[in-house]
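Trainee: This is the structure I have questions about; it appears just below.
The values are calculated or read from the model by the stated rules, or taken from the named source; none is laboratory data. Small disclaimer: the values here were computed from a predicted structure and weren't measured. We place every Cβ from the backbone using ideal geometry, glycine too, and count neighbours over all the protein chains shown. Side chains included, ligands, DNA and RNA excluded: accessible areas come from the protein's heavy atoms. Shrake-Rupley method; radii C 1.70, N 1.55, O 1.52, S 1.80 Å.
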Protein chains: 4
Amino acid sequence: MSLNTFGHLFRVTTWGESHGPALGATVDGCPPGVPLGAEMIQHWLDRRKPGQSKYTTQRREADAVEILSGVYQGVTTGTPIQLMIRNTDQRSKDYGDIADKFRPGHADITYWQKYGIRDPRGGGRSSARETAARVAAGGVARQAIKALVPGCDVRGYMVQMGPHAIDRARFDAGEIARNPFWVPDAQAAADWATYLDGLRKSGSSVGAIVEVVARGLPAGLGAPVYGKLDTDLAAAMMSINAVKGVEIGEGMAAAMLRGEDNADEIAMGPDGPVYGSNHAGGILGGISTGQDVVVRFAVKPTSSILKPRKTITRAGEATEIVTRGRHDPCVGIRAVPVGEAMMACVILDHLLLDRAQTGGRRGRIG
Amino acid sequence: MSLNTFGHLFRVTTWGESHGPALGATVDGCPPGVPLGAEMIQHWLDRRKPGQSKYTTQRREADAVEILSGVYQGVTTGTPIQLMIRNTDQRSKDYGDIADKFRPGHADITYWQKYGIRDPRGGGRSSARETAARVAAGGVARQAIKALVPGCDVRGYMVQMGPHAIDRARFDAGEIARNPFWVPDAQAAADWATYLDGLRKSGSSVGAIVEVVARGLPAGLGAPVYGKLDTDLAAAMMSINAVKGVEIGEGMAAAMLRGEDNADEIAMGPDGPVYGSNHAGGILGGISTGQDVVVRFAVKPTSSILKPRKTITRAGEATEIVTRGRHDPCVGIRAVPVGEAMMACVILDHLLLDRAQTGGRRGRIG
Amino acid sequence: MSLNTFGHLFRVTTWGESHGPALGATVDGCPPGVPLGAEMIQHWLDRRKPGQSKYTTQRREADAVEILSGVYQGVTTGTPIQLMIRNTDQRSKDYGDIADKFRPGHADITYWQKYGIRDPRGGGRSSARETAARVAAGGVARQAIKALVPGCDVRGYMVQMGPHAIDRARFDAGEIARNPFWVPDAQAAADWATYLDGLRKSGSSVGAIVEVVARGLPAGLGAPVYGKLDTDLAAAMMSINAVKGVEIGEGMAAAMLRGEDNADEIAMGPDGPVYGSNHAGGILGGISTGQDVVVRFAVKPTSSILKPRKTITRAGEATEIVTRGRHDPCVGIRAVPVGEAMMACVILDHLLLDRAQTGGRRGRIG
Amino acid sequence: MSLNTFGHLFRVTTWGESHGPALGATVDGCPPGVPLGAEMIQHWLDRRKPGQSKYTTQRREADAVEILSGVYQGVTTGTPIQLMIRNTDQRSKDYGDIADKFRPGHADITYWQKYGIRDPRGGGRSSARETAARVAAGGVARQAIKALVPGCDVRGYMVQMGPHAIDRARFDAGEIARNPFWVPDAQAAADWATYLDGLRKSGSSVGAIVEVVARGLPAGLGAPVYGKLDTDLAAAMMSINAVKGVEIGEGMAAAMLRGEDNADEIAMGPDGPVYGSNHAGGILGGISTGQDVVVRFAVKPTSSILKPRKTITRAGEATEIVTRGRHDPCVGIRAVPVGEAMMACVILDHLLLDRAQTGGRRGRIG
C-alpha cells in the first residue's frame, strides 16, 4: 500500500534516486483554485538546498523544481500536481567503494537484503535527497493551507545539537533565519558554529533535535484512534531519514510528570477556550485544541564519517570502511525545512479530512 | 482514511464506547489456516484487564471476548474476524458531572468541538477501554506471526515510572510477570509499589515509559519512505491513548551521539550479518536488520485525579472539577499489553507486505 | 487491502458467515449529528429479508439489527457504528452434502483453492446473507444523505427477469412496492409471477436485471481517473454476489450509438444547466451532471438448483450434485435493496470526498 | 483517497494534462528484480499511439516514454518507477472555441462545475491522452507478471463497432495485429473499414465493444466482497474514458439464462479441475477459477463530432458547437491497448495480494 505515499486525502508520493536523472513528488488531492507557481515552491526548496554553508554537504544542486501538471494559469486545478527536480551533480565515482561494502548505520545492507538489488550511487532511494521532494510537496501544502486557514503558520527550528540545547529564555524567532542552523538563540548559533567546525574537521558527525510548531490552527482537527493528528505527525516525522524519536508537547518527559502538573487548565477567553499551559502540545485525544501544535524529533548523527568502521562486504568478508564524499556533519540542520514540510502536509490533510466528515461545523462553547 | 483502522494488509478497525453495550475489533486480512480460539485471545486480554491490582482502575470487567466470524473448526478462514467484548460494569452515574464540564487533559473538549456531540459516559470513544479491542486484535496477530515466523517473540515492560527508571544492570525478563508493573527489575518493582501507593492515596497520578521488543524477526521487513517499519511503529504507538512520545533504538538520545558512537558495526556470523551493538533499534533505512526491534513510548499521567483543576462548562462558565470514579494512578501499567499488541499487529502487517512485494526472497550475503 | 471494506471516507467493512453466530457491518466515517435508530435501518433490512414471498428463500431470519456503537441519544457521534445481525435459523444439516462436493457456479471451489479451508455451511462467507450487512450500512448512508442533501432519493427496481423485460411505457414508480418483484410495471408483475412459479416448481432458476436511480444529486460529485463516480458505482455493484455486468446510462448499448445520438444537448434552465436527454446516466467524465444517476446490473441465475449437475469432490472424483435447501429461484429480486444500499453508500462517500476537496464550492454557470 | 491512483499493492498514479508539458505514471509496489527497459514499455505505447491510421486522431505524438526512477542496471529495484511522456504536438489554437462553450457529452461542464477552473486545452485532464500513462504502467505490470507467472498472457480485441459485431465462428487471434481495428475477424475488419470511412467523412462517430482476456492465470486470485477480482476489473475498465458498461463472462446476458445453463460443470483434468464451459468468465465468488478471465466493456461514441449540437456558454447563454480538431471517429479502437493495460495492472495487483495473504498456498483437490 502505497509505501512511498503519505497522506489520506492530500496524498504525496515521492519518487527518485540520488543519482538518477530526476526525483520528485506526485501530489494528489490538492484543492482547486489555490495560487501556485514554481517560485513559491522554490522558496522552500532553497532552504533545504545543499551547499549553502560549510556545515552542509558540498554537493552542488540547483534543486530547481518544475511543475509538470495540475496548475493552469497560476492556480491549481484539483488534478495531480507533478513536481520534478532534475539531478545535476551526480558524481558517481565518489561512491564506487560502497557498491560492495555495507556502510554501518546506513540502509545499504537492509535494502540489499530486502530487494536483492539496489542503486548504491549516493544511497539511491535511501538518500536524504528524497527529502527535497517532500519539501516541494510541503510548498504546495503551505499554499493550500494559506487559502483555507489564512492565519496558520508552520515554523521549524533546531533546539539541540549534540549535547548542546538552546536556552529557551533566549528564544528569538527572528534569529532563526539569521544563522545557518535555524536556531532561535543567537548565543547557541555562535557556540554551535565553533562546536561543529571542530567536529567537521575531525571527520565526525553529530545528532540534533528539531522542533516544529504550527500556529493558528482551529480546534477540531484529528480523529479518534488511528486517525489522531498526533499519530499522523508521529508517522510523518519518523518517516524522515535518520529520525529516531518523535515527541508531542511534553513528549518523553511526560513520563516524569504528575497529573496535576500535566493537565492544562482551561479558561474562557474572548474567542473561545484558552489554556493555562500547553503540556499537551496542542492535541487532546488526537484532536487539535486550537493551541500551538508542537512536535519535536531527534535526528541521529550522519553515519557517513571519516572514522574507519568495521563492516562486511556483499561476499560476507570482514573489512573496514571510511565514507568519503560530501556529507553533512549534522544532517539535523537540513531536517528543519523537511520537518516543516511534513507538518504542513499533515495539517492540510487533516483540514480536508475534517471538512469531509464535519463540514467544518463545531460544537459550540459559551 | 478509515480513521478507526490501522494496518495496510492486516487491518484492524476498532469500534465501541466505554459505556455502550459492547466494543470490539474487526480484523481483516489475516492469513487462512492460523489456529485461533477465544482462549488464545483471552490470555492477552486478561493481562490488560482492569481491577487486577490496587494500582489499576477498580472497574470490574470480565473483558470476555467472543469470536463472531472468520474462524471455522479452530482455524482462521481468511475472512474478517469479528472480536466482540461486552461491557458489563458501566456505572454511568459516576460520570454525571462530566457531561457538562470539560476535564483538563481529557479529550472531552476537543471531541465536543469537533463533533458537536459526544458520549460523555466514561470518556465514550476516547476511553482507554478502546485499547481492549487492540489487545484482542494483537492476540490474533500473535497467532499469525507464530505460524509465519515461529521463533518471533514480542514482549513489553515498563522501564520508568515518574522519575524512577529501572536499572538495566538488574534487567531480568523473568521478573516481568511477577509484579503488577510488568517491570523487569525486582528492586524497581518494590520501590515503585511504595511510590505509587503514596501517589494513589494523595489522589494524584504519574506518567511512565514502556519498552516493547520484538525478537527473532527476519531482516528485510519495512520499506522506504512512508512504509518504513519505524514509521508504522511510531504511528501505532502514538495512536495509543495518552502516549506523547515514541522512540526507536537510541530514540531522542541519538541527538547527543556522534556518528562513530551511533553506527552499529557489522561482522559476519554463522547465519548472516551480526552487529556489534543495536543503537539503531533493529531498523536501518526503515527496514529491519534482523536484530531486536526496540520501541519505547511515554505515557502521560492520567488526567482524572482528585486534585481540583480549573476548567469551563459547555456554557463557557469558569468552574473547578475533581474527577472521582475509578481511575488508574499510572495508566502506563496497562499500556504494556497494549504496546505489545500494536507491535504484533505492525509486525504481522509487514510480514504480509514483504511477502507481497518480494515473495520472501532475500539478497544474499556471503 | 481492506478487502472486505468498501468506500473511501464512508467506509463499510462487512463481516460474518451464513451460519456463524452473527454477521454485520462496521461503518466508519459517518458524519456526526445524523439521526439514527435501529428502526430506520430495520426498515430497509425488512425489504431484503428472506421468506417474504414464495419467490424467495424460505429461510426464516428476523434479520434484526442491533446498533452496538457510534450512536448516542439518537444521533451519530462520528465514531464507528457497529451493526450486528444475529443468525437465528442456521439449519446446518441442510448443507452436509456440499462440504465435500463443489457446487458448479458457486464459490465453493475457488474459496477452497485459495484458502485451503472454508465454512461450507450455507456458503459461509460467500453466502448472499452477507448482503444483509450491506443493506444495514446503506440504511446509515441514507440517513446521512438525507441530512446533507435533503431532496436526494435512491430507488431500485427490476427491469428484466430472464427473457422478460418491462415495458418502459408502462413505468409506474408507485407499482414498485406493490408486488414481490419490485417491478414498476403491473403487467410485468403479473406475468413474472406466472413465469417464476413455473420455474420454481421445475427446480430451476433465472437471472435478472436491476436498475437503481439516484435523483436530486448535485452536479460535481466524482473525480477524474480512478475516483470517478461511475468507477465506484461499477465496483460497488460488481461486488454484489452473482452480479456479472454493470451499466451506466446507455451502458453496453452505447456501443451501437453515433456521437450525435449519444451526446446529451445542454440548455439553460432556471436553476442551472438542463439536458435534453440522459444517455450519459447522469455522469460525464466521472463527475455527476445533476441529472438522475442511472445504474443497471445483471444478476446471474442462482446456481443452487434441483437439476443434477456434474462436478467433482475434494478428492478429485467425478460426481453429480443436486442442491436442495432453501434457495431463491431468482436471486435478482432480493438484489434490489442491495443495489440501492450500495448506491447510497457510494453517493454519501462522494458527497464527503467532494466536500473535502472543494468545500462544496461550484464553478458558476450563468 | 488517491483519486488518481489505482491498485492496492501495485499502485499506479497517473498525472498530466493533454496540453501540459508532460504526462505520466508513478508506479509504486512493483516487485524488485523485474527486467525493465523503456523499449519494453514503448512497445505497448506504440500500439495506442495516435495517428497510426486514418481511423484515429491525426495528432502527432511520439509518445516516447522515459523511465526516471526505480530501475537500475536494467531491472526494477522495488522503489517507485516514474514514467514520463513529453507532450510534443499541443496545438492549443485548435481548442480556442471550447474554453467558453461546454461540449455536449464531454467532461467540460462537470469539471467546470466541480473545480471552478479547468484546463480547456484538449480536454485537459479529462483527455484520452491520460490513457497513455495507463498503457505505460501496464507495460511494467506485464513485465512483472511475466516474472511471476511465466505463461500468463493478456490480450484485447474489438468485438463490436456500432451495430456490427464480429462472427465468433471466424475468430482468429492471428488476425488481431493485422488490421487497424484489433479485430480477430478478417471479414469484420474489411467491413468495418468501409463503414468507418463513411462515418468519418460524415463527421460522425460511433461506439464499440472491447473484450480483454487473461489466459494462464492460477486459480485463487481475488477475495470476497469488495476485493473481488471482478470488482477490481469492473472499476478498472469503468475508469477508462468513455466506458459505459462492463461485463464479466456472460455479462448482462446472464440475466436471460437459467441456472442449469449458466453454472459451468466441473470435471477433473490431469492438472486439476477443468470446466465444461466458461459462462462465469473465469471468476466464481470473486476468485479466479484458473479458466480464461474474460472482460468486455462498451465505449461510447466520441462526442467530438462535426455535427452541430446545442449547448450553453459559461455565461449561461444558448449556443451551438461543432467540435473541429483531430478526433477519433471510433475511440474504441485505441481503447484496446488501454483495456489490456488495466487488466495487466489488476492481475499483478491480485498476484501480490494473494501472495501476501496466502503465501501462494492452495487448497488441494485430488
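Trainee: Can you tell me which residue in the range A:115-125 is nearest to the other protein chains (Cβ to nearest Cβ), limited to those that are at pLDDT below 90 and open to solvent by 20 Å² or more (accessible area, probe 1.4 Å)?
Mentor: Among them, the one singled out is A:Arg118.
Trainee: Does B:Thr313 satisfy the condition of being at the interface with chain A (Cβ under 7 Å from one of its Cβ atoms), open to solvent by less than 30 Å² (accessible area, probe 1.4 Å) and β-branched (Val, Ile, Thr)?
Mentor: Against the criterion (at the interface with chain A (Cβ under 7 Å from one of its Cβ atoms), open to solvent by less than 30 Å² (accessible area, probe 1.4 Å) and β-branched (Val, Ile, Thr)), B:Thr313 does not qualify.
Trainee: OK, next. Of the numbered conditions (1) modelled with pLDDT of 95 or more; (2) within 7 Å of chain A (Cβ to nearest Cβ); (3) open to solvent by 10 Å² or more (accessible area, probe 1.4 Å), B:Glu260 satisfies every one except a single condition; which is it?
Mentor: (1)
Trainee: Could you identify the single residue in C:Gly139, C:Gly78, C:Gly29, C:Gly70 that is within 13 Å of chain D (Cβ to nearest Cβ), surrounded by 24 or more Cβ atoms within 10 Å (Cβ to Cβ) and over 19 Å from C:Glu17 (Cα atoms)?
Mentor: Numbers: C:Gly139 fails: within 13 Å of chain D (Cβ to nearest Cβ); C:Gly78 fails: within 13 Å of chain D (Cβ to nearest Cβ); C:Gly70 fails: within 13 Å of chain D (Cβ to nearest Cβ).
Criteria check complete, one pass: C:Gly29.
Trainee: Quick one: how many residues across the range A:37-63 are modelled with pLDDT of 95 or more, surrounded by fewer than 23 Cβ atoms within 10 Å (Cβ to Cβ), among the aliphatic types (A, V, I, L, M) and touching a strand residue (DSSP E or B) at 6+ places or on another chain (Cβ under 9 Å)?
Mentor: So the count comes out to 1.
Trainee: So, one more: Out of the residues in the range D:316-326 that are touching a residue at least 12 places away in the same chain (Cβ under 8 Å) and hydrophobic (A, V, I, L, M, F, W, C), state the one that is least open to solvent (accessible area, probe 1.4 Å).
Mentor: Ranking the candidates gives D:Ile321 first.
Trainee: Quickly run through the range A:25-48 and pick out the residues that are touching a Ser or Thr at 6+ places or on another chain (Cβ under 8 Å) and closer than 17 Å to A:Asp89 by Cβ.
Mentor: A:Arg48
Trainee: May I ask you to verify whether C:Val159 is touching an Asp or Glu at 6+ places or on another chain (Cβ under 6 Å) and either among the β-branched types (Val, Ile, Thr) or over 30 Å from D:Asp261 (Cβ atoms) (or both)? Walk me through it before giving the result.
Mentor: On the way: touching an Asp or Glu at 6+ places or on another chain (Cβ under 6 Å): yes; either among the β-branched types (Val, Ile, Thr) or over 30 Å from D:Asp261 (Cβ atoms) (or both): yes.
The answer is yes for C:Val159.
Trainee: Exactly one of (1) assigned to a loop (DSSP other than H, G, I, E, B); (2) in contact with a Pro (Cβ under 6 Å, 6 or more places away or on another chain) is unmet by D:Gln357. Its number?
Mentor: Unmet for D:Gln357, out of (1) assigned to a loop (DSSP other than H, G, I, E, B); (2) in contact with a Pro (Cβ under 6 Å, 6 or more places away or on another chain): (1).
Trainee: Moving to a separate point now. How many residues does the range B:282-309 hold that are within 8 Å of chain A (Cβ to nearest Cβ), part of a loop (DSSP other than H, G, I, E, B) and buried (at least 24 other Cβ atoms within 10 Å of the Cβ)?
Mentor: Selection size over the range B:282-309: 9.
Trainee: Now a separate question. Checking D:Ala177 against (1) away from chain C (no Cβ under 14 Å); (2) farther than 24 Å from B:Ala356 by Cβ; (3) open to solvent by less than 40 Å² (accessible area, probe 1.4 Å); (4) in a helix (DSSP H, G or I): exactly one of these is not met. Which one?
Mentor: (3)
Trainee: Name every residue in the range C:180-192 that is free of Cβ contacts under 8 Å to residues at least 60 places away in the same chain and open to solvent by less than 50 Å² (accessible area, probe 1.4 Å), in order of residue number.
Mentor: Residues satisfying the conditions are C:Val183, C:Pro184, C:Asp185, C:Ala188, C:Ala189, C:Trp192.
Trainee: Give me a count of the residues in the range B:1-12 that are facing chain A (nearest Cβ under 9 Å), in contact (Cβ under 8 Å) with a residue 12 or more places away in the chain and open to solvent by less than 10 Å² (accessible area, probe 1.4 Å).
Mentor: Of the residues in that region, 2 qualify.
Trainee: I need every pair where a residue in the range D:62-81 that is of a type in the set (Asp, Glu) has its Cβ under 6 Å from the Cβ of a residue that is part of a strand (DSSP E or B) and surrounded by 22 or more Cβ atoms within 10 Å (Cβ to Cβ), sequence separation at least 6 or different chains.
Mentor: Once the first residue is of a type in the set (Asp, Glu) and sits in the range D:62-81, its partners that are part of a strand (DSSP E or B) and surrounded by 22 or more Cβ atoms within 10 Å (Cβ to Cβ) give D:Asp63/D:Ile85; D:Glu66/D:Met84.
A quick yes/no check of all residues on (1) free of Cβ contacts under 8 Å to residues at least 12 places away in the same chain; (2) within 14 Å of another protein chain (Cβ to nearest Cβ); (3) not in a loop (DSSP other than H, G, I, E, B); (4) not hydrophobic (A, V, I, L, M, F, W, C):
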position	(1), (2), (3), (4)
D:Gly24	no, yes, yes, yes
D:Ile41	no, no, yes, no
D:Pro50	no, no, no, yes
D:Tyr55	no, no, no, yes
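Trainee: Taking the condition of being over 26 Å from A:Lys146 (Cα atoms), at pLDDT 95 or above and open to solvent by 10 Å² or more (accessible area, probe 1.4 Å), how many residues in the range A:207-240 meet it?
Mentor: Count: 1.
Trainee: More than 7 Å from chain B (Cβ to nearest Cβ), touching a His at 6+ places or on another chain (Cβ under 9 Å) and closer than 28 Å to B:Val12 by Cα: does that describe A:Leu233?
Mentor: No, not satisfied.
Trainee: Identify all residues within the range C:99-114 that are part of a helix (DSSP H, G or I) and open to solvent by less than 10 Å² (accessible area, probe 1.4 Å); write none if there are none.
Mentor: Listed by number, the residues that qualify are C:Asp108, C:Ile109, C:Thr110, C:Lys114.
Trainee: Just a yes or no: is a residue in the range A:126-135 crowded, with 21+ Cβ neighbours inside 10 Å, at positive phi, part of a helix (DSSP H, G or I) and not aliphatic (A, V, I, L, M)?
Mentor: Checked the range A:126-135: no residue is crowded, with 21+ Cβ neighbours inside 10 Å, at positive phi, part of a helix (DSSP H, G or I) and not aliphatic (A, V, I, L, M).
Trainee: Can you tell which of B:Gly251, B:Gly245, B:Gly203, B:Gly222 is touching a Leu at 6+ places or on another chain (Cβ under 6 Å), in contact (Cβ under 8 Å) with a residue 24 or more places away in the chain and facing chain A (nearest Cβ under 8 Å)?
Mentor: B:Gly222
Trainee: If I ask for residues that are surrounded by 17 or more Cβ atoms within 10 Å (Cβ to Cβ) and among the hydroxyl-bearing types (Ser, Thr, Tyr), which ones from the range B:266-281 would you list?
Mentor: Within the range B:266-281, just B:Tyr275 meets the criteria.
Trainee: Right, another one. Among the residues of the range A:312-362, write down those that are among the β-branched types (Val, Ile, Thr) and within 28 Å of A:Arg60 (Cβ to Cβ).
Mentor: Result: A:Ile321, A:Val322, A:Thr323, A:Val331, A:Ile333, A:Val336, A:Val338.
Trainee: Select, from A:Gly105, A:Gly116, the only residue that is out of contact with any Leu (no Cβ under 6 Å at 6 or more places or on another chain) and farther than 30 Å from A:Ala190 by Cα. Break it down into steps so the answer makes sense when it comes.
Mentor: Values: A:Gly105 fails: farther than 30 Å from A:Ala190 by Cα.
Result of the check over A:Gly105, A:Gly116: A:Gly116.
Trainee: For the range D:142-174, how many residues meet the condition of being within 21 Å of D:Ala214 (Cβ to Cβ), basic (Lys, Arg) and open to solvent by 60 Å² or more (accessible area, probe 1.4 Å)?
Mentor: 3
Trainee: Answer yes or no: is there a residue in the range B:145-158 that is more than 9 Å from every other protein chain (Cβ to nearest Cβ), within 30 Å of C:Pro32 (Cα to Cα) and in contact (Cβ under 8 Å) with a residue 60 or more places away in the chain.
Mentor: Within the range B:145-158 (the criterion being more than 9 Å from every other protein chain (Cβ to nearest Cβ), within 30 Å of C:Pro32 (Cα to Cα) and in contact (Cβ under 8 Å) with a residue 60 or more places away in the chain), the answer is no, since none of the residues qualifies.
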